[in-house]
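A.B. asks: Starting off with a structure, shown below.
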Amino acid sequence: MNADVILIAYGEPPEPTFFDQWKYSSHILRKLTRLVAPIPKFVIPLIGAWRGYTRVKHWKQYHYSSPLETITKSQAAKVWDRLKELAPAVDWRVHTAFEFRAPSLLSVLDRIPAFECDRVILIPMYVARSDFTTEFSVNEFDQFIKRTEKTFSPVDFVLFGSHLEDLAKVMARHIHAEAERLDLSPQDPKESALLLGCHGTLTRPPKGIKETGYRETFGLYQALERELASAFQVIRIGWLNHRLGGEWTSPTLADSIQEIKTMGVERILYYPFGFFSGQCGDAIGGSDRDGEGGDFLLLPFALFE
């Protein structure tokens, strides 16, 4: 038996090069932002250019490069190892695809020879199923089926919304391990704040948006809070929001940081949990961190430990 597994992530460009950042930003504007904001198509290249320019400027200012692609490829290799261990009789082939840059899901599907494929498993690497994440993959797969003569049977989408408690346990173990790696004593977290960052979403979505992903994302936050309540002095969520589209989730990352500082907590451990292959790095290097009031420690993300 043969099986093709495709891990799907946003696909942020690794380096601050203008052309790559411009294309990436333009794809996001065209594919995602226009779902919630009435942006005319003809201005997308101009807005994309401005966003590309500002991303390059900020990344270079903070000496940042995105680990997203490396993380996703590493996860794909670990998934392959684990699948071979669980089902060695299957010829597993694990691929990566990106939402907003090459290789796209459509191009990866095109490379899968239908006559040698017994099963396709698609894994969008997001906590929540929403119109802004998983539905991109569902829609693109539907487009692929409509425009090709290839047929895959069966096809499975792996979703995580029904496994929030299990995910919280995995993430909690990882947070403890990273705290130890940072040479924190067992008492240090009890005198620290844990800031859980995630991509924001609309609280009042415009017409046509069926699922925002809020319920499952906040559900994972609550599960993490339960798992780690005794380990930290305070735990807070921080939403990373866009500016357009209406009313967004709160509190923002900056608001939660300020609240924690007001409480007199000197050390903040920051852990992004909403996507399974990314670190929300811009929030660390950008205006949400002002460098005042103690340590701000990033706990890298890990899945498939």
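A.B. asks: What residue among THR262, PHE275, GLY200 has its Cα farthest toward the positive end of the dipole of region 162-283, where the charges are +1 on Lys, Arg and -1 on Asp, Glu, each on the Cβ?
C.D. replies: Ranked along the dipole, the leading option is GLY200.
A.B. asks: By how many degrees, between 0 and 90 and to the nearest 10, does the Cα long axis of helix 44-61 differ from the longest principal axis of the chain?
C.D. replies: 50
A.B. asks: Sticking with this structure for a sec: Summing -39500 (n - 2.57) over the DSSP H runs of n ≥ 4 in the chain and dividing by its residue number, what mean residue ellipticity at 222 nm do you reach, to the nearest 500 deg cm²/dmol?
C.D. replies: Per the formula, -12500 deg cm²/dmol.
A.B. asks: Taking amide H atoms as placed 1.01 Å from N in the peptide plane, list the residues 5 or more away in sequence, or in a different chain, whose amide H sits under 5 Å from that of LEU269.
C.D. replies: ALA193, LEU194, LEU195, LEU297
A.B. asks: If you place +1 on the Cβ of every Lys and Arg and -1 on the Cβ of every Asp and Glu, how big does the dipole about the Cα centre of region 115-166 come out, in debye to the nearest 20?
C.D. replies: 200
A.B. asks: Place a +1 charge on the Cβ of each Lys and Arg in the chain and a -1 charge on the Cβ of each Asp and Glu, then give the dipole magnitude about the Cα centre in debye, rounded to the nearest 20.
C.D. replies: Roughly 1060 debye, rounded to the nearest 20.
A.B. asks: Scan around VAL5 for amide H atoms under 5 Å from its own, H built in the peptide plane at 1.01 Å from N, and keep only partners 5 or more places away or cross-chain.
C.D. replies: Here the answer is ARG93, VAL94, HIS95, ILE121, since their amide H atoms fall under 5 Å of that of VAL5.
A.B. asks: Using a simple charge model, +1 on the beta-carbon of Lys and Arg, -1 on the beta-carbon of Asp and Glu, nothing else, what dipole does region 144-264 show about its Cα centre, in debye to the nearest 20?
C.D. replies: With Lys and Arg at +1 and Asp and Glu at -1, about 640 debye.
A.B. asks: How large is the accessible surface per residue of the chain, computed with a 1.4 Å probe and reported in Å² as a whole number? Write down the numbers at each step before the final one.
C.D. replies: Numbers: 15170 Å² over 305 residues.
Value for the chain: 50 Å² per residue.
A.B. asks: In whole Hz, what ³J(HN,Hα) sequence does region 224-240 give by Karplus (6.51, -1.76, 1.60; θ = phi - 60°), x for Gly and Pro?
C.D. replies: 5, 4, 5, 5, 10, 4, 7, 8, 10, 5, 8, 10, 9, 9, x, 8, 9
A.B. asks: Quick one: net charge of SER250's neighbours, Cβ under 13 Å, K/R +1, D/E -1?
C.D. replies: Once positives and negatives cancel, what remains is -1.
A.B. asks: Specify whether the C-alpha gyration tensor of the chain places it in the rounded, prolate or oblate class, a ≥ b ≥ c being the square roots of the eigenvalues: rounded for a/c under 1.5, otherwise prolate if a/b is larger than b/c and oblate if not.
C.D. replies: The shape class here is oblate.
A.B. asks: Turning to a different aspect of this structure: What whole-number distance in Å separates the alpha-carbon centres of region 2-18 and region 35-114?
C.D. replies: That distance is 2 Å.
A.B. asks: Now for a separate question. Between SER65 and residues 5 or more places away or on another chain, which pairs have amide H atoms under 5 Å apart, with H built 1.01 Å from N, and which residues are they?
C.D. replies: Correct list: empty.
A.B. asks: Rounded to the nearest 5, what is the percent of antiparallel bridges among the DSSP beta bridges in the chain?
C.D. replies: Counting DSSP beta bridges with both partners in the chain, the antiparallel share is about 5 percent.
A.B. asks: Among ILE145, TRP59, CYS117, which residue has its Cα furthest toward the positive end of the charge dipole of region 40-163, with +1 on Lys/Arg Cβ and -1 on Asp/Glu Cβ?
C.D. replies: TRP59
A.B. asks: Distance check, please: which entries in LYS78/LYS261; LYS169/LYS210; LYS84/LYS190; LYS73/LYS207 exceed 31 angstrom between their Cα atoms?
C.D. replies: LYS78/LYS261; LYS84/LYS190; LYS73/LYS207
A.B. asks: Among GLY213, GLN187, THR33, whose Cα sits farthest toward the positive end of the charge dipole of the chain (+1 at Cβ of Lys/Arg, -1 at Cβ of Asp/Glu, about the Cα centre)?
C.D. replies: THR33
A.B. asks: What are the ³J(HN,Hα) values, in whole Hz, obtained from phi via the Karplus relation 6.51 cos²θ - 1.76 cosθ + 1.60 with θ = phi - 60°, for each residue of region 200-210 in sequence order, with x given for Gly and Pro?
C.D. replies: Along region 200-210, the couplings run x, 8, 7, 7, 10, x, x, 4, x, 8, 8 Hz.
A.B. asks: Using only alpha carbon pairs under 8 Å that are at least six residues apart, calculate the relative contact order of the chain and give it in whole percent. Walk me through the intermediate numbers first.
C.D. replies: On the way: 510 pairs, mean separation 64.3, N = 305.
Answer for the chain is 21 percent.
A.B. asks: Multiply the residue separation of ALA37 and GLU191 by 0.36 nm, subtract the distance between their alpha-carbon atoms, and state the gained length in nm to one decimal.
C.D. replies: Answer, rounded to one decimal: 51.2 nm.
A.B. asks: Go through region 253-258 residue by residue and turn each phi into a ³J(HN,Hα) via Karplus (6.51, -1.76, 1.60, θ = phi - 60°); whole Hz please, and just put x for glycine and proline.
C.D. replies: 4, 5, 5, 5, 4, 5
A.B. asks: Now for a different question. Could you tell me what fraction of 2.2 N^0.38 Å the Cα radius of gyration of region 12-127 comes to, as a two-decimal ratio?
C.D. replies: Numbers: Rg = 17.6 Å, N = 116, 2.2 N^0.38 = 13.4 Å.
Normalised by 2.2 N^0.38 Å, the Cα Rg of region 12-127 equals 1.32.
The values are calculated or read from the model by the stated rules, or taken from the named source; none is laboratory data. Please read these numbers as outputs of a predicted model, since none were measured by experiment. All Cβ positions, even for glycine, are placed from backbone atoms using ideal geometry, and neighbour counts span all protein chains on display. What goes into the accessible areas is simple: the full protein's heavy atoms, side chains included, and nothing from ligands, DNA or RNA. Shrake-Rupley method; radii C 1.70, N 1.55, O 1.52, S 1.80 Å.
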